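S.K.: This is the structure I want to talk about, given as structure tokens.
The values are calculated or read from the model by the stated rules, or taken from the named source; none is laboratory data. Source: prediction; values computed, not measured. Cβ: placed from backbone, ideal geometry, glycine included. Neighbour counts: every protein chain shown. The protein model used for the area step is the full one, side chains on, heavy atoms only, and it has no ligands, DNA or RNA in it. Shrake-Rupley method; radii C 1.70, N 1.55, O 1.52, S 1.80 Å.
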Amino acid sequence: MERFGCFCLIGPGAPWTSARMAGFVVYMPAGLHYPWHHHPAEEMYLVLAGEALFLREGARPETLRAGDTSYHASNQPHAMETGANPVMAYVTWRNHLKTPPVLTERPVADTGPTGAQK
Ligand SMILES: [Fe+2]
């Protein structure tokens, strides 16, 4: 995760302060796995460039590209992977901004690339 880049634009302590919302620009290089994690803040990813596989508990894995979005409900486990290409995204958080992400310890249902239960 040392290769994961994140710059907070909006939120507590950011250039534009807000107590209810945060906005980040994130960058993941090619070949990076962001492991299953969750947080109480709701989260929305808007892919700006590149592509990544987005995994969400209870949903089929999706490869998202520029203009696509992924919504993560409060405490819904999710993960991301980049393949041959990096990804850049704008990420928003709503509410519960002070609780950082934690790795999801419990097993997460893996629906596989086709959405079929394994
Ligand atoms: Fe997240």
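S.K.: Restricting to segment 66-82, give me the number of residues that are open to solvent by 40 Å² or more (accessible area, probe 1.4 Å) and assigned to a strand (DSSP E or B).
M.R.: Adding up the residues that qualify gives 3.
S.K.: Out of E51, E42, I need the residue that is away from the ligand (no atom under 15 Å from the Cβ), open to solvent by less than 60 Å² (accessible area, probe 1.4 Å) and touching a Ser or Thr at 6+ places or on another chain (Cβ under 8 Å). Which one?
M.R.: E51
S.K.: Of a type in the set (A, V, I, L, M), part of a loop (DSSP other than H, G, I, E, B) and touching a Ser or Thr at 6+ places or on another chain (Cβ under 7 Å): does that describe A30? Before the answer, list the steps.
M.R.: Working: of a type in the set (A, V, I, L, M): yes; part of a loop (DSSP other than H, G, I, E, B): yes; touching a Ser or Thr at 6+ places or on another chain (Cβ under 7 Å): yes.
Answer is yes for this residue.
S.K.: All but one of (1) out of contact with any Pro (no Cβ under 7 Å at 6 or more places or on another chain); (2) within 14 Å of the ligand (Cβ to nearest atom) hold for E57; which doesn't?
M.R.: Only one criterion in (1) out of contact with any Pro (no Cβ under 7 Å at 6 or more places or on another chain); (2) within 14 Å of the ligand (Cβ to nearest atom) is unmet by E57, namely (1).
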